[in-house]
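Asks: Mind looking over this structure? Questions follow.
Every read-out reported here was derived from the displayed coordinates using simple, explicitly stated rules and does not represent laboratory data. Just so it is clear, the model here is predicted, and its values are computed rather than measured. Cβ placement follows ideal geometry from the backbone for every residue including glycine, while neighbour counts extend to all protein chains displayed.
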Amino acid sequence: MTALDLRVVAADDAAAIASIYRPYVEETAITFEEVPPDAEEIERRIADTVETYPWFVAEVDGSVVGYAYAGQLRKRSAYRWVTELSVYVERSARGAGIGSALYAALLETLTEQGFASAYGVVTLPNPESVGFHEAFGFERAALLPEAGYKHGEWHDVAWFERSLAARSDDPADPTPFSACRDAEWLDALLDAAATGKP
C-alpha cells in the first residue's frame with residue numbers, strides 16, 4: 001500500500017465520507033442509520049463534532065479511504081468525560097491497517113484531551129469488530145438484546161469500553177478539540193499512528 005496519511009477532517013471531505021459510509025447504511029446493520037446522509041448532512045455533522053471531539057480522515061494517494069471520529073455519548077452534562085467512537089473504511093481498502101491507524105490516533109487524542117473513557121458500539125454478530133475492539137484493550141460493558149431492527153432482522157448490540165484515564169474526585173473538563181488542532185503533539189501523533197508507531 002502507498003504511504004498512509006492521517007489528518008484532521010475538512011468540510012470538503014464530506015462527499016468522500018458520504019460515499020464511504022453509504023454502503024454500510026444501505027447493505028449492513030453495522031450502523032443502524034437507514035437513510036444514507038448526503039454530503040451536505042455530513043458537512044453539518046463535521047461542523048457539529050470538531051469543536052469538541054476529534055475527527056480524522058485517512059488518505060492514500062490523495063484520496064480519502066477512511067475516517068473515524070469521536071462524539072457525544074449522551075446529552076446530559078455529567079457524561080462529558082466519556083465519548084463514543086466510530087470508524088469506517090472504504091471496502092476496497094479494508095485489511096490494510098487503516099482502521100487501526102485511525103482508532104489509535106483517536107484514542108491517543110482523546111487521552112490527551114482528558115477524556116476518561118471511550119465506548120465502541122458493535123452490532124452482533126460481528127467477530128471482526130469485536131476482535132478489533134479487544135485488540136485495542138476494550139472490554140464488553142453491556143449487551144442490549146434485539147435492540148435494533150434492520151434489513152428484516154432484530155440485532156443484538158454490544159457496548160465495549162476502554163478506560164483512558166484514572167477517575168478523579170474533581171475532574172477537569174476535557175480540552176475541546178478546537179484548542180488542540182494546531183498543537184505540535186497532534187501532528188506528531190497523527191504521523192506516528194499513520195506509520196504504526198504511536
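Asks: Mind listing whichever residues of the range 32-61 are closer than 25 Å to residue 125 by Cα, surrounded by 13 or more Cβ atoms within 10 Å (Cβ to Cβ) and touching a residue at least 40 places away in the same chain (Cβ under 8 Å)?
Replies: 32
Asks: Sticking with this one: Residues in the range 1-14 that are surrounded by fewer than 18 Cβ atoms within 10 Å (Cβ to Cβ) and out of contact with any strand residue (DSSP E or B) (no Cβ under 9 Å at 6 or more places or on another chain): how many?
Replies: Summing the residues that are surrounded by fewer than 18 Cβ atoms within 10 Å (Cβ to Cβ) and out of contact with any strand residue (DSSP E or B) (no Cβ under 9 Å at 6 or more places or on another chain) in the range 1-14 gives 2.
Asks: Can you confirm whether the range 145-163 contains a residue that is more than 19 Å from the chain's Cα centre (by Cα), over 30 Å from residue 35 (Cβ atoms) and exposed (fewer than 14 other Cβ atoms within 10 Å of the Cβ)?
Replies: no
Asks: Testing residue 77 on (1) among the hydroxyl-bearing types (Ser, Thr, Tyr); (2) buried (at least 17 other Cβ atoms within 10 Å of the Cβ); (3) closer than 26 Å to residue 183 by Cβ, one condition comes back false. Which one is that?
Replies: For residue 77, the exception is condition (2).
Asks: Out of 109, 83, 52, report the one residue that is of a type in the set (Ser, Thr, Tyr), closer than 19 Å to residue 160 by Cα and touching a Pro at 6+ places or on another chain (Cβ under 6 Å).
Replies: One residue alone meets the criteria, 109.
Asks: A further question on this structure: Can we say residue 128 is among the charged types (D, E, K, R), within 30 Å of residue 2 (Cα to Cα) and either in contact (Cβ under 8 Å) with a residue 60 or more places away in the chain or touching a Cys at 6+ places or on another chain (Cβ under 6 Å) (or both)?
Replies: no
Asks: Follow-up question, since we're still on this one. How about the range 33-52: which of its residues are part of a loop (DSSP other than H, G, I, E, B), β-branched (Val, Ile, Thr) and under 17 Å from the mean Cα position of the chain (by Cα)?
Replies: Residues satisfying the conditions are 50, 52.
Asks: Of everything in the range 53-98 that's under 14 Å from the mean Cα position of the chain (by Cα) and small (Gly, Ala, Ser), which residue is farthest from residue 133 (Cα to Cα)?
Replies: Filtering first and then ranking leaves 58.
Asks: Quick check: is even one residue across the range 178-192 hydroxyl-bearing (Ser, Thr, Tyr), under 18 Å from the mean Cα position of the chain (by Cα), at negative phi and surrounded by 11 or more Cβ atoms within 10 Å (Cβ to Cβ)?
Replies: Yes - at least one qualifying residue is present in the range 178-192.
Asks: Name the pairs whose Cβ atoms lie under 9 Å apart, with the first residue in the range 158-185 and closer than 19 Å to residue 69 by Cβ, the second of a type in the set (Lys, Arg), and 6 or more positions between them or separate chains?
Replies: The qualifying pairs are 159/140; 160/140; 161/140; 174/80.
Asks: Restricting attention to the range 74-92, which residues are farther than 30 Å from residue 19 by Cβ, aromatic (Phe, Trp, Tyr) and outside any loop (DSSP other than H, G, I, E, B)?
Replies: Within the range 74-92, 79 is the sole residue that qualifies.
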